[in-house]
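No value in this document is a laboratory result; all are computed from the given coordinates. Owing to the predicted nature of the structure, the values given are computational and were not obtained by experimental measurement. Virtual Cβ from ideal backbone geometry, glycine too; neighbours counted across all protein chains shown.
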């Protein structure tokens, strides 16, 4: 007998230990998410993947699948909430899609399109965040950071380097790098690191290849983010 | 350079030798105690010694309000910013000190001598306005006392040489019941435990129907039993003395006067669940209690009530360490507290699993409130049936309330569960009461028509905070203060709480600035729904409560702020020029836009 739960009326099989989003992905069903990446331990911070489990809201990336549970995801109410969360992420940082090198390859932007976010809605915070261009090959543009900690997890768990970490608290939380100078150039970061290729937005950028793929031909220009359960972005 | 590093090694090595890497927060606190802040070279040394990445150490240090990576000045003045401090004049006192000492709030003075800022409630609401100077509590501030402090700072008198009377802290115990009146003999509960046996003592705790005093009210007996049954190589007992809920200060008084009862409750728990190690997590604001608590622990070791072979039983070994917090309200949440105990950023964990099965170092752990452990000592002594007979059906025993605000006799009141709000108000000498905020900003705000309600899990559950507001108070400002508190204390882990608490603060400020409209009301309600449904922990869930409760019950306080019928942007060009005015030292008509003067 196969364990299943229902997701928006569909029967989703799962294996022991899988979380809701993992099972949904395996079944080819998209649940919006940003801080979740199937290659890493779920984190549960962005809350985009919030679903209703038996009527109660929960993060589908960390909620263990159980036989018979009734999960709602693609509903007006939940999508309205997800849109507000996206708007929060947009106003918290400085996101200027038209001039951003990641436009079309950005999960934040693509998810906003997916959920029909027409404006940031809230007043912009316009935080003052410096760019770190110290590294010869890579650039860190903290303006776009959504604090998903994927680079933190990748560097710690895959690269065994701890190049990235979160510091500060609350709205002053920020990404830092592992160097006394605070500069990426003074860390052991390199382009082959997992952490170099995991940012869902445009913080960690390779230098001197800007706009190699023209806007209009990028991953999410070709198909919406929901077309695959977990987006795979084109290698640049 | 080499000499610099040696400077840090000299004080860090003795600290490092006594601690494990998981004690990182304690190491950082001690390092700062010695050097005044956590120097960049000190981080290098700690990083090398503990084999921890520098980014992790900076990440932890950056989380806690009381840790500094830059020199904060020789005098660090922090005004407690609870609404009760504000009601007793803290804002004017802070302004006065800033102007006397020529310093801007939150900034280091030009001569690097001092900084003056606000901090979340320091737990002295019955004797405010309160402040911390270099981490030590000073209460009952008056203009005279503030002037004297300015003079001491100007003369650069070391804080240790300041008048002792500044640092005196009162207990203000106003009403005693079974716990505060128990004349507890140290060792008596443990003797009862050994006489009765471990299993039977657990049965007594269960029979007492004791529920956690931190507010959530989980059955203590069930928690201890679950932990006892959970698989693990080691078990831990943790006492949550991170009493951060604004308006609460009963744990401070319990630890000051009844520390034996608390430690004995922890030891009982240890025996029942099979723990050898316990922690008391003491909020940084109460560090003045540290020496006293260490002395009590030491005496208990000498009395054979802690350490190896407790009361002569060869298989009864248990000891308690005290860990200090460093200014983070969220660490009162049990899983965040455990993270902090492990030397990490105080981010609440994903639950389940719960601490009873996966707590400290992922081992089964009981986390209970200070008052819960003290109550457990009483139950071991007097039996479960006795305790269950006090209070109400679903809430056995007594509850200690921290009463503050507009009343004649603020302080500590112990009542059997079931006492009405009206009774408490009567006893504390409150008159013309407009509202009572129960269980702090994350609790409930009740109006006079509800004063017949009872303090009990089945009606109004509370961690103990009881703040009284008379008819002269502006309930909008009460809510705004609480919203700013949540913004400051949000851990920043999840999107809705991190950003939502800031949005909410901005909206309340917008109303305060006279730009409110019914549109903003609708926005606040939308935010509330989002925070309640998607936040990671209780902080986000309750961050909108103060606003919603006051809107529902004290609508006129908001109506006066709704200057506009239709939406108005919060941006005001004249206000945006305030920085330019400050920089040029001007405030004349010509430095203002015409529009805003009419």
Using eta = 1.002 mPa s and T = 20 °C, Stokes-Einstein with Kirkwood Rh from Cα pairs puts D for segment B:398-475, in µm² s⁻¹, at 178 µm²/s
Please compute the Kirkwood hydrodynamic radius over segment A:155-211, one decimal place, Å, based on all pairs of different Cα atoms. 12.4 Å
Convex hull (Cα only) mean projected area of segment B:65-131, reported in nm² to one decimal: 4.4 nm²
Between the alpha carbon centres of segment B:436-487 and segment B:114-130 the gap in Å comes to 20 Å
For the pair residue A:209 and residue B:113, the simple spin-label estimate (label points 7 Å beyond Cα toward Cβ) gives in nm 5.7 nm
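Take the Cβ-Cβ distance between residue B:471 and residue B:191 as r, set R0 to 45 Å, and report the resulting FRET efficiency rounded to the nearest 0.05.
After rounding to 0.05, the efficiency reads 0.30.
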What FRET efficiency comes out for residue B:584 versus residue B:222 if R0 is 60 angstrom and r is the Cβ-Cβ distance? Round to the nearest 0.05. 0.40
Helical contribution to [θ] at 222 nm, DSSP H n ≥ 4, -39,500 (n - 2.57), averaged over chain A, rounded to 500: -4500 deg cm²/dmol
Order by neighbour count: A:119, B:535, fewest other Cβ atoms within 10 Å first, most last. A:119, B:535
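Which shape class, rounded, prolate or oblate, goes with segment B:175-388 when its Cα gyration tensor gives a ≥ b ≥ c as root eigenvalues, a/c under 1.5 marks rounded, and past that a/b bigger than b/c marks prolate?
It comes out rounded by the Cα gyration axes.
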To make sure I understand, if each residue's beta carbon is the centre and we count other beta carbons within 10 Å, what order do B:44, B:321 fall in, fewest to most? B:321, B:44
Range of Cα positions in segment B:140-256 per principal axis (Å), largest first: 61, 34, 26
Using the beta-carbon distance between residue A:133 and residue A:157 and R0 = 22 Å, what value does 1/(1 + (r/R0)^6) give for FRET efficiency, to the nearest 0.05? 0.25
State the three equivalent ellipsoid semi-axes of segment A:80-183, derived from the C-alpha gyration tensor as the square roots of 5 times its eigenvalues, in descending order and whole Å. 26, 15, 15
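Taking every DSSP beta bridge that has both residues in chain A, what percent is antiparallel when rounded to the nearest 5?
90 percent
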Please compute the length gained on full extension between residue B:512 and residue B:178, using 0.36 nm multiplied by the number of residues separating them and subtracting their Cα-Cα distance. 115.7 nm
Gyration tensor on Cα atoms of segment B:335-487, a ≥ b ≥ c root eigenvalues, a/c under 1.5 rounded, else prolate if a/b beats b/c, else oblate, says oblate
Please work out the Cα center distance from segment B:385-416 to segment B:541-598, rounded to the nearest Å. 41 Å
Under the rule of -39500 (n - 2.57) per DSSP H run of 4 or more residues, summed and divided by the residues of chain B, what mean residue ellipticity at 222 nm is obtained, to the nearest 500 deg cm²/dmol? -12500 deg cm²/dmol
Inter-label distance for residue A:227 and residue B:555, nm, one decimal - labels placed 7 Å from Cα along Cα-to-Cβ: 5.2 nm
Along principal axes, largest first, the alpha-carbon spread of the protein assembly as shown in whole Å comes out as 80, 79, 66
Gyration tensor on Cα atoms of segment B:2-63, a ≥ b ≥ c root eigenvalues, a/c under 1.5 rounded, else prolate if a/b beats b/c, else oblate, says rounded
Calculate the spin-label point distance for residue A:66 paired with residue B:51, positioning each point 7 Å from the Cα along the beta-carbon direction, and give it in nanometres. 4.0 nm
Quantify how much of the Cα-Cα distance distribution of segment B:36-98 extends past 17 Å, in percent. 56 percent
Relative to the longest principal axis of chain A, what angle (0 to 90°, nearest 10) does the C-alpha long axis of helix A:76-92 take? 10 degrees
Just the Kirkwood number for segment B:478-559, please: inverse of mean 1/r across all distinct Cα pairs, in Å, one decimal. 12.4 Å
Please report the relative contact order for chain A, taking Cα pairs under 8 Å with a sequence separation of at least 6, and give it as a percent rounded to a whole number. 20 percent
What are the extents of the Cα atoms of chain B along their three principal axes, in Å, largest first? 83, 69, 46
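Count the DSSP beta bridges whose two residues both fall in chain B, then state the antiparallel fraction as a percent rounded to the nearest 5. Could the numbers behind the result be given before it?
On the way: 25 of 55 bridges.
If I count the DSSP bridges inside chain B, around 45 percent turn out antiparallel.
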Based on DSSP, what percent of beta bridges with both residues in the protein assembly as shown are antiparallel, to the nearest 5? 60 percent
Among segment B:15-43, those whose backbone N falls under 17 Å of a label point 7 Å along Cα→Cβ from residue B:7 are B:31-43
Counting only other chains, what is the mean number of Cβ atoms within 10 angstrom of the Cβ of each residue in peptide A:82-90? 4
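Fewest to most neighbouring Cβ within 10 Å: what's the order for B:387, B:415?
Neighbour counts put them in this order, fewest first: B:415, B:387.
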